[in-house]
1. Could you check, for region 106-113, whether at least one of its residues is under 23 Å from Val54 (Cα atoms) and under 19 Å from the mean Cα position of the chain (by Cα)?
2. Among (1) of a type outside the set (Phe, Trp, Tyr); (2) open to solvent by 40 Å² or more (accessible area, probe 1.4 Å); (3) modelled with pLDDT under 95, there is one condition Lys109 misses while meeting the rest; what is its number?
3. Only residues in region 35-57 that are touching a residue at least 24 places away in the same chain (Cβ under 8 Å) and over 19 Å from Asp159 (Cα atoms) count as the first member; pair them with residues that are of a type in the set (Lys, Arg) and open to solvent by 60 Å² or more (accessible area, probe 1.4 Å), Cβ under 9 angstrom, at least 6 apart or cross-chain, and list the lot.
4. Of all residues in region 120-130, which are free of Cβ contacts under 8 Å to residues at least 40 places away in the same chain and over 13 Å from the mean Cα position of the chain (by Cα)?
5. Can you confirm whether region 49-65 contains a residue that is assigned to a loop (DSSP other than H, G, I, E, B) and within 30 Å of Lys174 (Cα to Cα)?
6. Which numbered condition in (1) in contact (Cβ under 8 Å) with a residue 60 or more places away in the chain; (2) open to solvent by less than 80 Å² (accessible area, probe 1.4 Å) is the only one that Gln161 fails?
7. Within region 140-158, can one find any residue that is open to solvent by 30 Å² or more (accessible area, probe 1.4 Å) and on the phi > 0 side of the Ramachandran plot?
8. Can you name the number of the only condition in (1) in contact with a Gly (Cβ under 6 Å, 6 or more places away or on another chain); (2) modelled with pLDDT under 50 that Leu7 fails?
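The values are calculated or read from the model by the stated rules, or taken from the named source; none is laboratory data. A quick note: this is a predicted structure, and the numbers were derived from the prediction, not measured. Cβ placement follows ideal geometry from the backbone for every residue including glycine, while neighbour counts extend to all protein chains displayed. Just the protein is used for accessible areas: all its heavy atoms, side chains included, with ligands, DNA and RNA removed. Shrake-Rupley method; radii C 1.70, N 1.55, O 1.52, S 1.80 Å.
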Amino acid sequence: MKQLSTLTLFLFTISCTEIKPREVTAYFSLDSLFDAQSNLLLSDDYRLQKSAVVNADTATALFIPDCLEWINEFQVFRDLNINKPALIGQYTPIIKPDPNSNLQILSYKAKSEELAVQQLNVYYLRQLENIKRITASSQERNSIFSAGKEAGIEFEKKDGQWKIKSFSLNGFQKMILQDSVLFVVKGTILNPK
């Protein structure tokens, strides 16, 4: 009887312990990168010069983003993150030299055309911590909607740290029975005043 009480207490204790989910690090994590970049850019009041062209309409802005604005600016790039439990094994990683520079490329190519993110490339100098550029392409298709986008992010080393220098996003959206919407968004991070 004493053993049964001990076993019951042990099982009760284990069942009440919070089990933390294991963080998946199978692929390069864009979420972690943009969390770190948001903190770096926020700490020194970097400015953002941004332009957007949607079909024939254009807009430009120059502002100092706050924490939420940096999160919103980078959300479209976070959406390209492939470091998710459901995507493990869905991409083929390859490391190869960039034929146009002295950089290495960590490239992830989708194994299926059904995946939204088709390719993610991380260009780096000698070590993965020295990121110079990230490019990605994505697509979405269903019976009433299709969209595609190409994203690019450039980095530079400032004050001993790699920081985002600029980003771009080019793409289209097409709904059934409507014209395509073409868009180009470009952003340049400017030094604090």
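1. Looking through region 106-113, none of the residues is under 23 Å from Val54 (Cα atoms) and under 19 Å from the mean Cα position of the chain (by Cα).
2. (3)
3. If the second residue must be of a type in the set (Lys, Arg) and open to solvent by 60 Å² or more (accessible area, probe 1.4 Å), the pairs left are Gln49/Lys186; Lys50/Lys186; Ser51/Lys186; Ala52/Lys186; Val53/Lys186.
4. Hits for region 120-130 are Tyr123, Tyr124, Leu125, Arg126, Gln127, Glu129, Asn130.
5. So far as region 49-65 goes, yes, one or more of its residues are assigned to a loop (DSSP other than H, G, I, E, B) and within 30 Å of Lys174 (Cα to Cα).
6. (2)
7. no
8. With respect to (1) in contact with a Gly (Cβ under 6 Å, 6 or more places away or on another chain); (2) modelled with pLDDT under 50, Leu7 is out only on (1).
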